[in-house]
Amino acid sequence: MTDAANPSGLTDDEAQEFHQYYVQGYILWAVGAFAAHSLVWIWRPWF
């Protein structure tokens, strides 16, 4: 048998590393979206 007991087939260390990069990517995406919306708001406020 393998050491991986998770449904994904990853070990706990691999899953934690993947989660770390996933969260960092999401935060980067969210910051980019906030910046883009802020620039559009400055250019043409919609409220």
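Fully extended, how many nm does the chain gain between ASP12 and ARG44 (0.36 nm per residue separation, minus their Cα-Cα distance)?
Working: separation 32, 0.36 × 32 = 11.52 nm, distance 4.72 nm.
Result: 6.8 nm gained on full extension.
Output the 0 to 90 degree angle, nearest 10, between the alpha-carbon long axis of helix 12-43 and the longest principal axis computed from the alpha carbons of the chain.
10 degrees
No value in this document is a laboratory result; all are computed from the given coordinates. Keep in mind the model is a prediction, meaning the values are calculated, not measured.
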